[in-house]
There are 4 protein chains.
Amino acid sequence: MSSASVILQLICPDRPALVSELAGWVAANGGNIRHADHHTDSGAGLFLSRIEWDLQGFGLPRQAIPSAADSLAQRLGGEAQLHFSDDHPRVAILVSKQSHCLLDLLWRARSGELPMQVPIVIANHPDLESSCKEFGVPFIHVPVTRETKAEAEQTILELLIEHRVELAVLAKYMQVLSGTFLRQFPNVINIHHSFLPAFKGAQPYHRAWERGVKLIGATSHYVTEELDDGPIIEQTIAHVSHRDEVQDLIRKGRDTERLALARALRLHLCRQVIVYRGRTAVFA
Amino acid sequence: MSSASVILQLICPDRPALVSELAGWVAANGGNIRHADHHTDSGAGLFLSRIEWDLQGFGLPRQAIPSAADSLAQRLGGEAQLHFSDDHPRVAILVSKQSHCLLDLLWRARSGELPMQVPIVIANHPDLESSCKEFGVPFIHVPVTRETKAEAEQTILELLIEHRVELAVLAKYMQVLSGTFLRQFPNVINIHHSFLPAFKGAQPYHRAWERGVKLIGATSHYVTEELDDGPIIEQTIAHVSHRDEVQDLIRKGRDTERLALARALRLHLCRQVIVYRGRTAVFA
Amino acid sequence: MSSASVILQLICPDRPALVSELAGWVAANGGNIRHADHHTDSGAGLFLSRIEWDLQGFGLPRQAIPSAADSLAQRLGGEAQLHFSDDHPRVAILVSKQSHCLLDLLWRARSGELPMQVPIVIANHPDLESSCKEFGVPFIHVPVTRETKAEAEQTILELLIEHRVELAVLAKYMQVLSGTFLRQFPNVINIHHSFLPAFKGAQPYHRAWERGVKLIGATSHYVTEELDDGPIIEQTIAHVSHRDEVQDLIRKGRDTERLALARALRLHLCRQVIVYRGRTAVFA
Amino acid sequence: MSSASVILQLICPDRPALVSELAGWVAANGGNIRHADHHTDSGAGLFLSRIEWDLQGFGLPRQAIPSAADSLAQRLGGEAQLHFSDDHPRVAILVSKQSHCLLDLLWRARSGELPMQVPIVIANHPDLESSCKEFGVPFIHVPVTRETKAEAEQTILELLIEHRVELAVLAKYMQVLSGTFLRQFPNVINIHHSFLPAFKGAQPYHRAWERGVKLIGATSHYVTEELDDGPIIEQTIAHVSHRDEVQDLIRKGRDTERLALARALRLHLCRQVIVYRGRTAVFA
């Protein structure tokens, strides 16, 4: 639909003239900016920026841009991430038994709505194998028990490396990843079926029903070692009433989960999310 | 706009033929039903019902209806509440320094949108006196310090009794009412500035900002002795982003607070809320 | 999850004691009411009711209930529809080239969220055949050109009859059904990709973009001869901004379309919708 | 809460390096950018920008900045608008009989949420005089009949000029302003009580009820000569059901109207809206 673009994400200490410096650098290299978005966190004294420009016509050769961006970031005392919009990241999807998020993501990947490749689906239950077959995506069953958990995580890590996976998406994967795992593979997005920080942990719909809430929610966030406490990317809600049993909350919740996860993943894939200090800036 | 109606709220143990029995009782007395709404909580084995019918043409004299409803409820082993739509309850509003909910409620009362009388506004700070004057509503300043809290609550109780108040609304009243108070005057509705059960207690917007949520909320609930834990009537939300400072959350939050409180109060005043087992059935 | 129930939908002229009469009839036959919901359209002088009760324990044999309900409706001068919750209707899905609604419906049918059978998918383009195969649903390609439209509609009608279809769902079927067709097969639900009555007809997203709206919508409605004018069942919206091109509206719109159609269809299948006077009462 | 800032809004033909040029100009004059937001309308070949920087420390004296911005815009072949955040515009509110939007705006102005002065309220009915008195705002009654309309508009124009009004807000002013008026005073924001473009013109709630919609809306837009056709700033919605009579739609609609108007006005006052080609870019 559109030609490729270069996307620079940058965090650095705040000081005057940063926008000018960044835009000037792009312009000096002949770049035509499509989007430029900045945010200053004055409490933290940080400047965040996302700039996207046409790859075509840019003065630096593609392979030279990342290191040029790093040099720029170093001059500013910060850190840069550099992506090309036509590099579709390799994303692994981890699931258990529920299919709604998995199928939604596979459909969106196939239709091009989510710019990603899915080289592998990993599951701790065998149930969803045929769903993956329909989409031609390899499905690997890695069972997890309390005793075999460390071993299973090691297997998953090897699979992620073998398949050159950049990001893992927990699409209703009902296992908690250990700190050991996350320190080796930190790029993980999860969907939690509550409006965090309410109802962290297990069975949020049951507890929401118990509490008699009038809205339920879903939260997509980056995974950190502390359960359900990572940087939030997207939250969605649905209305419920006294007529809704726990089963109805679960049913209605599926739609909020699918939407929150799909939106968060798209934001991530379009490189619109910058994580800092336990939170996200979402340049949408 | 419409003529007066009789509203029966009933809770009783569930068993067959209850709808028929209730509707039959109304019909047998010549009542023309406007609305009939029922709910069975099968887990609790409870039947809840709200029936509203025309007062005009009903076979029992107005003053005889409440005791007739009580007899009916007793026959069913339950409890009834009986109200007339043209009885506008006497509601006291308790405030501190913030005006947004107070003014909103006073406007809605004056315009007839909230069918209530406001005989008195009670405040622990003097700031909002002139706002009440504009609406011709008596304003009483009852200062509260840690030392005088018990005494102040006693003063408030006496004011509520003196003014024959049926319901107290905490419209950003930044004091926690004691169990002693609530046991003597249990009909209290509060607005809490978070999406409960997230961010119970003090400074929810500051904590929401810290957590980096993407939605903030407000919750209107009946007050119980445990802080921010009473039956929820209404919840509203607003979207926020990384651009929003705490002050922006507070500003955006004011609109969700006003709406959640006004809607909850209207539901209560129209006798559409039945409280049971720490939760509400809202027949809207 | 729950045992079968009987669902009675009734419309009749309003008069006193109708609720009592209906509930009394159910009780007299030993029925245990699960849900009873009524609405009086005072302008039209009509009474609408939906009553659902346990099939088990009901005094009439299953096959005798429909005619008993008809007799009841006749006594009240109205019309009844009688359904059993374990009768999953046979629903045909009509599509063109877009897969998002089709796949969504097939997933929801397979997971049991939509209580229906899908004996057939009919398409005026061949593109979605493999998607149907994945779900084991027969796909029939009925091409339509301006010249062959009448003939194609005749073919579709025969397919609907042959497969004993009760309801046809237009899941982005980009053809207008003729009055001739609708008079023979009137049970059709459509999804229109705008917030009706705004942007009736072709290319609503393009026109929404032109107009510069800040919200887009989707509308699920029963189909009538006048285009996009039938009784509305469900409407959903999504926020858009100046950053959204027409393609983004189309992308965001797909999610609102899927949700509006799935919700409307579930309401229909759960027999929660009563159509009258060009509008719907939705007992949800 | 924060010190004053300078806000530049610019539209010019799109070409490379514009962001760099603008940010460079600010930086060259020692400005510290708080927010920078851009949009390219590639179809129209236009570049839109909003840049906000600290007034304090900027190298140009306050009174010299507007003409410097104009020179900049001329060099870019475009047009600039320059504002200071501590210049609170003089806004006239026009009303008829309904108070909900008026009181909401006056309260938000008094609380500082809307950074504006309200030197005058103009009404074609006398009803809201006392409401204005409460806020200490002059109220002027300018009756309008079919015969006196031209004359009344002339009176209003003179009042706007006399009170040095920058913007007029139609807060449920139930008169259509003529082209003659708008050509002399084009800065007018209206609130229309429907989800435009649905239900343009009179009695939108009655028509929405007739159509049986499930959502109602409100639209705040700039006024143009063609009725309800001006650039849209903000749209809000509320859910309705078959239980809602026209009166309920009107009641529920009041809250959506208040919110849409207040939000749109704040966006305008914070200079976050750029109008072009019949649409708005809202840099929020």
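Out of C:Arg183, C:Arg271, one residue alone is within 17 Å of C:Val91 (Cα to Cα) and assigned by TED's automatic domain parsing to the domain that holds C:Thr148. It is C:Arg271. Residue check: is B:Leu72 under 19 Å from B:Ile7 (Cα atoms) and surrounded by fewer than 19 Cβ atoms within 10 Å (Cβ to Cβ)? For B:Leu72, the condition - under 19 Å from B:Ile7 (Cα atoms) and surrounded by fewer than 19 Cβ atoms within 10 Å (Cβ to Cβ) - is not met. Within the range B:5-34, the set of residues being assigned to a strand (DSSP E or B) and farther than 21 Å from C:Leu46 by Cβ comprises B:Val6, B:Ile7, B:Leu8, B:Gln9, B:Leu10, B:Ile11, B:Cys12, B:Pro13. Among the criteria (1) of a type outside the set (D, E, K, R); (2) at negative phi; (3) facing another protein chain (nearest Cβ under 8 Å); (4) not in a strand (DSSP E or B), the one C:Ser2 does not fulfil is (3). On inspection, B:Glu52 qualifies as in contact with a Lys or Arg (Cβ under 7 Å, 6 or more places away or on another chain), outside the structural domain of B:Ile189 (by TED's automatic domain parsing) and acidic (Asp, Glu). When the range C:102-151 is limited to residues that are more than 14 Å from C:Met174 (Cα to Cα) and among the basic types (Lys, Arg), the one that is surrounded by the fewest Cβ atoms within 10 Å (Cβ to Cβ) turns out to be C:Lys133. Checking each residue in the range B:97-136 for being of a type in the set (S, T, N, Q) and either more than 23 Å from D:Gly136 (Cα to Cα) or touching a residue at least 60 places away in the same chain (Cβ under 8 Å) (or both) picks out B:Gln98, B:Gln117, B:Asn124.
Within the range C:208-231, being closer than 19 Å to D:Trp209 by Cα and outside any loop (DSSP other than H, G, I, E, B) holds for C:Gly217, C:Ala218, C:Thr219, C:Ser220, C:His221, C:Tyr222.
Taking the condition more than 23 Å from the chain's Cα centre (by Cα), within 13 Å of chain B (Cβ to nearest Cβ) and closer than 25 Å to A:Leu267 by Cα, does A:Leu215 pass? So A:Leu215 passes the test. Of note, D:Gln247 satisfies the criterion of being part of a helix (DSSP H, G or I) and among the polar types (S, T, N, Q). Let me confirm something: among B:Arg271, B:Arg254, B:Arg258, which residue is buried (at least 19 other Cβ atoms within 10 Å of the Cβ), in a loop (DSSP other than H, G, I, E, B) and either more than 9 Å from chain A (Cβ to nearest Cβ) or in contact with a strand residue (DSSP E or B) (Cβ under 7 Å, 6 or more places away or on another chain) (or both)? It is B:Arg271.
For A:Phe139, the test of being outside the structural domain of A:Glu166 (by TED's automatic domain parsing), more than 17 Å from the chain's Cα centre (by Cα) and either touching a residue at least 24 places away in the same chain (Cβ under 8 Å) or within 21 Å of A:Arg258 (Cα to Cα) (or both) is failed.
Contact annotation: residue pairs with Cβ atoms under 9 Å, 6 or more positions apart or on different chains, pairing a residue in the range B:226-248 that is more than 9 Å from every other protein chain (Cβ to nearest Cβ) and over 14 Å from B:Ala198 (Cα atoms) with a partner that is in a loop (DSSP other than H, G, I, E, B) and among the hydrophobic types (A, V, I, L, M, F, W, C), are B:Val240/B:Val213; B:Asp248/B:Val240. Scanning the range A:21-31 for residues that are within 7 Å of chain D (Cβ to nearest Cβ) and surrounded by fewer than 20 Cβ atoms within 10 Å (Cβ to Cβ) yields a single hit, A:Gly24.
Residue count for the range A:24-75 under the criterion of being touching a residue at least 12 places away in the same chain (Cβ under 8 Å) and under 25 Å from B:Asp244 (Cβ atoms): the result is 17.
For the residues A:Tyr205, A:Tyr222, the requirement of being of a type in the set (Phe, Trp, Tyr) and under 20 Å from the mean Cα position of the chain (by Cα) singles out A:Tyr222. Return the residue satisfying two criteria in turn: it lies in the range A:181-207 and is assigned to a helix (DSSP H, G or I) and either at pLDDT below 95 or more than 9 Å from chain B (Cβ to nearest Cβ) (or both), and of such residues it is nearest to A:Gly230 (Cα to Cα). Out of the qualifying residues, it is A:Leu182. The lone criterion from (1) touching a helix residue (DSSP H, G or I) at 6+ places or on another chain (Cβ under 6 Å); (2) under 20 Å from D:Ile250 (Cα atoms) left unmet by D:Gln203 is number (1).
Scanning the range D:122-137 for residues that are in contact with a strand residue (DSSP E or B) (Cβ under 7 Å, 6 or more places away or on another chain) and either part of a loop (DSSP other than H, G, I, E, B) or among the acidic types (Asp, Glu) (or both) yields D:Pro126, D:Leu128, D:Glu129, D:Val137. From the list D:Gly43, D:Gly77, the lone residue that is surrounded by fewer than 19 Cβ atoms within 10 Å (Cβ to Cβ), away from chain A (no Cβ under 12 Å) and touching a strand residue (DSSP E or B) at 6+ places or on another chain (Cβ under 6 Å) is D:Gly77.
Counting the residues of the range A:35-81 that are over 23 Å from the mean Cα position of the chain (by Cα), within 16 Å of D:Leu18 (Cα to Cα) and not in a loop (DSSP other than H, G, I, E, B) gives 1. For B:Pro119, the test of being of a type outside the set (Phe, Trp, Tyr), outside any loop (DSSP other than H, G, I, E, B) and either at pLDDT 95 or above or more than 22 Å from B:Leu159 (Cα to Cα) (or both) is passed. Looking across the range C:5-20 at every residue that is buried (at least 22 other Cβ atoms within 10 Å of the Cβ) and within 10 Å of chain B (Cβ to nearest Cβ), the one that is farthest from the chain's Cα centre (by Cα) is identified as C:Ser20.
The values are calculated or read from the model by the stated rules, or taken from the named source; none is laboratory data. Just so it is clear, the model here is predicted, and its values are computed rather than measured. Note: ideal-geometry Cβ built from the backbone for every residue, glycine included; neighbour counts use all protein chains shown.
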